[in-house]
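Here is the structure we will look at, set down as structure tokens.
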Amino acid sequence: MDLPTLLERAFRTTADVVAAIEPAAWNGPSPCQRWSVRQVGNHMLGMVGLATQAATGPALDPADSQPDRLEHLAHTERLGADPAATVRALGDRCVTAFSEPGILDRVTPGKGGADTPGSVHALMCLNEVLTHGWDLASGGGIAYAPDAEVVAAAQKFAAVLVGPEARALGMFGPPVEVGADADLLTAHLGHVGRRSPWPGAQAAA
């Protein structure tokens, strides 16, 4: 699995979505019930920034990973006047960081002995960009066609990451049942608490 390449593909797809969102749609609802489309974008940028910093340094303040602090990420303006350029710039930094030799194997000490290799931080970024890319597309009325290998990698990762503990912390909603014939993206979205297509979605452009 070439994680830097998958990250580059995921960011490219999501940046294209962001570029197509009309100004009026940014303040509209998103599949994340607590957040507007713009707040989803702010949250995504904040989470990717934290995961990248956790892998590359400097060390995070432990308070930054607490649920209340993570919730606040959505309410801190990050997208700026040119959201697509902001997403592309963060994507460049993230891909560059996880392309550094040895970074995917480098272990970050965690609380209670929960040490985390850089590959897990990279997969966290991938899941954020893929899943919230869909949120942004759904809220903004934009067609969403992510790379199949990105979907497969994020789905496999989330199947392990997203369990009762993560849901209890409020990081993910309850799973949504999907049909046996559901495609992998729909199955992934259902596992992380999203119904695809989102009932509130605008007609995709």
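Worth a mention:
- Rounded, prolate or oblate (a/c below 1.5 giving rounded, otherwise prolate when a/b exceeds b/c) for the stretch 31-97 by Cα gyration tensor: oblate
- Shape of the stretch 63-170, Cα gyration tensor, a/c cut at 1.5: rounded
- Packing-based ranking, highest mean first, of 85-98, 50-63 given that Cβ atoms within 10 Å are counted: 85-98, 50-63
- Note on residue 63 and residue 85: the extension gain reaches 5.0 nm, defined as 0.36 nm multiplied by sequence separation minus the Cα-Cα distance.
- FRET efficiency, 1/(1 + (r/R0)^6) with R0 22 Å, evaluated for residue 106 and residue 2 via beta carbons: 0.80
- Peptides 103-109, 118-124 ranked from most to least packed by the mean count of surrounding Cβ atoms within 10 Å: 118-124, 103-109.
- Between helix 37-56 and the chain: long-axis angle, C-alpha atoms, 0 to 90°, nearest 10: 20 degrees
- Net length gained if the chain between residue 77 and residue 93 were fully extended (0.36 nm per residue, minus Cα distance): 3.9 nm
- Amide H contacts of residue 116: 108, 110, each under 5 Å away and 5 or more positions distant or on a separate chain (H built 1.01 Å from N in the peptide plane; Pro and chain starts excluded).
- The relative contact order of the stretch 3-146, computed from alpha carbon pairs under 8 Å that lie at least 6 residues apart in sequence, is 42 percent.
Every number in this text was worked out from the coordinates using simple rules, so none of it is lab data. Here the structure is a predicted model, which is why all the values come from computation and not from measurement. FYI the Cβ positions are ideal-geometry reconstructions off the backbone, even for glycines, and counts take in every protein chain you see.
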